[in-house]
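Working notes, beginning with the structure itself.
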Amino acid sequence: MPYLLKTEPDKYSFDDLLRDGETTWDGISNNQALLTLRNMKKGDKLVIYHSNIGKAAVGTAKVVSVTPNPEDPKVSIVRIQPVKRLKREKPLSRQFRLSVVPLTQDQYDWLTQP
């Protein structure tokens with residue numbers, strides 16, 4: 001299943017992910033978003049969306065691993081890797097409330113089409 005991950009580019013941008021090569025997707029506190037993170041599987045496709053600044057889908061990534069957090073069973077440790085920058089950023093008129101949103105395959109395809 002594909003997902004949209006929302007990030008503030010002045011805190012952690014897609015360029016930061018490209019530079020780092022891999023990161024733990026953390027800092028989530030909303031229970032619904034945490035449940036969505038726990039449901040992720042290795043290999044799931046991701047769209048990285050810049051909120052506040054830009055307000056657009058900017059790149060794709062993938063889930064590298066999902067492991068239980070021994071310190072907090074409600075929180076999974078999700079590692080992601082960048083795949084590629086979108087050829088054209090895709091602005092979204094709808095502002096997502098949650099920082100982690102499941103997408104349909106059609107939504108993923110629309111967001112990532114050139």
- request: Write out, first by first residue and then by second, each pair whose Cβ atoms fall under 7 Å of each other, whose residues are 6+ apart or on separate chains, and whose first residue, in region 1-30, is on the phi < 0 side of the Ramachandran plot and part of a helix (DSSP H, G or I) while the second is surrounded by 13 or more Cβ atoms within 10 Å (Cβ to Cβ) and aliphatic (A, V, I, L, M).
  value: Phe14/Ile48; Phe14/Val58; Leu17/Ile48; Leu17/Ala61
- prompt: Hey, Leu35 hits all of (1) of a type outside the set (S, T, N, Q); (2) surrounded by 12 or more Cβ atoms within 10 Å (Cβ to Cβ); (3) closer than 24 Å to Trp110 by Cα; (4) at pLDDT below 95 but one; which does it fall short on?
  reply: (3)
message: Among the listed residues Arg85, Arg38, identify the single one that is within 22 Å of Lys11 (Cβ to Cβ), more than 10 Å from the chain's Cα centre (by Cα) and of a type in the set (Lys, Arg).
response: Arg85
query: Restricting the search to region 50-74, which residues are in contact (Cβ under 8 Å) with a residue 24 or more places away in the chain, farther than 30 Å from Ser93 by Cα and in a loop (DSSP other than H, G, I, E, B)?
result: Lys74
- prompt: Do we find a residue being acidic (Asp, Glu), without any contact (Cβ under 8 Å) to a residue 40 or more places away in the chain, out of contact with any Cys (no Cβ under 9 Å at 6 or more places or on another chain) and under 17 Å from Asp16 (Cα atoms) anywhere in region 80-90?
  reply: yes
Single residue of region 91-114 satisfying the filter (in contact with a Ser or Thr (Cβ under 9 Å, 6 or more places away or on another chain) and in a strand (DSSP E or B)) that is surrounded by the most Cβ atoms within 10 Å (Cβ to Cβ): Val100
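The values are calculated or read from the model by the stated rules, or taken from the named source; none is laboratory data. What you see is a predicted model, and the numbers here were worked out from it, not measured in a lab. Here Cβ is always computed from backbone atoms with ideal geometry, including for glycine, and neighbour counts include all displayed protein chains.
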